[in-house]
1. Looking at the stretch 138-160, which of the residues that are buried (at least 23 other Cβ atoms within 10 Å of the Cβ) and under 30 Å from residue 44 (Cβ atoms) is farthest from the chain's Cα centre (by Cα)?
2. Taking the options 36, 74, name whichever one is under 22 Å from residue 142 (Cβ atoms), part of a helix (DSSP H, G or I) and either modelled with pLDDT of 95 or more or under 20 Å from the mean Cα position of the chain (by Cα) (or both).
3. Report yes if residue 154 is in a helix (DSSP H, G or I) and either in contact with a strand residue (DSSP E or B) (Cβ under 6 Å, 6 or more places away or on another chain) or at positive phi (or both), otherwise no.
4. Just to be sure before I move on: is residue 163 closer than 30 Å to residue 253 by Cβ, at pLDDT 95 or above and surrounded by 14 or more Cβ atoms within 10 Å (Cβ to Cβ) in the structure I sent?
5. Filter the stretch 1-37 for residues that are closer than 24 Å to residue 131 by Cα and in contact with a helix residue (DSSP H, G or I) (Cβ under 7 Å, 6 or more places away or on another chain) and give the result.
6. Could you list all residues from the stretch 39-88 that are touching a residue at least 24 places away in the same chain (Cβ under 8 Å), touching a helix residue (DSSP H, G or I) at 6+ places or on another chain (Cβ under 8 Å), farther than 28 Å from residue 175 by Cβ and surrounded by fewer than 18 Cβ atoms within 10 Å (Cβ to Cβ)?
7. Give the stretch 204-229 a look and list any residue that's over 19 Å from residue 128 (Cα atoms) and under 15 Å from the mean Cα position of the chain (by Cα), or say none.
8. Go through (1) surrounded by fewer than 18 Cβ atoms within 10 Å (Cβ to Cβ); (2) touching a helix residue (DSSP H, G or I) at 6+ places or on another chain (Cβ under 6 Å); (3) closer than 21 Å to residue 169 by Cβ one by one and return the number of the condition residue 91 breaks.
């Protein structure tokens, strides 16, 4: 009974905050629009690609090119859902109303996860179908081997990004600190570690590097990761579990 009441309360909080609509809308629009642009450019430039690049061409993954930026909006969404009450001081009233801190965090994460999943799935399917339409003769079909897995996995990937951000926000509490760490990590540090030969073996186990394998149907020629698409998503899920567990432990033991 308590959990259902908390979920209803958190749903009221989330839908009453303008940032929820804006961040989720930006995540969808950026992902779809940039994916369409890259798909159009890939179709135009396909004939000028090298033979190796043509062999490794992954039309499904091309339509997801916008997720690199779209995931940043999902990060903002996840951080604000958890940390906005800390920045306004409302966290004291919320914890006074719901002393069971596990139920409080569970309700907040559950509501935000459902929203992120719905938006992520819709965004992933729209990005795929619109991107494939622009790829023309180089497009993939949803019935091709591995394509439906990748498209559905795109929604799961965006959901896990939001959940990981919620866990980090629960640990750090402040929105500025959380965003100041997560944004550079996903946009710069992770890409650098995954691109430099000396750190590739470490970088491939970071949450976004591992999780994004689910988006691929064709394995890149230079990809030597010892796990497949679902294995990569599993690694990302472990990061999410660790972040949320850390957030719960700190929420339970420290003052608001």
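1. The first filter runs over the stretch 138-160 and keeps only residues buried (at least 23 other Cβ atoms within 10 Å of the Cβ), leaving 140, 150-151, 153-154, 157-160.
Among the residues that remain, those that are also under 30 Å from residue 44 (Cβ atoms) are: 140, 150-151, 153-154, 157-158.
Details: 140: 23, 150: 14, 151: 14, 153: 11, 154: 8, 157: 5, 158: 3 Å.
Once the filter is applied, the top-ranked residue is 140.
2. After ruling out the rest, the residue left standing is 36.
3. Details: in a helix (DSSP H, G or I): yes; either in contact with a strand residue (DSSP E or B) (Cβ under 6 Å, 6 or more places away or on another chain) or at positive phi (or both): no.
Against the criterion (in a helix (DSSP H, G or I) and either in contact with a strand residue (DSSP E or B) (Cβ under 6 Å, 6 or more places away or on another chain) or at positive phi (or both)), residue 154 does not qualify.
4. yes
5. 23, 24, 26, 27, 28, 30, 31, 32, 34, 35, 36
6. 40, 46, 57
7. 206, 207, 208, 209, 210
8. (1)
The values are calculated or read from the model by the stated rules, or taken from the named source; none is laboratory data. In this text the structure is predicted, and so the values were computed from the model without any measurement. FYI the Cβ positions are ideal-geometry reconstructions off the backbone, even for glycines, and counts take in every protein chain you see.
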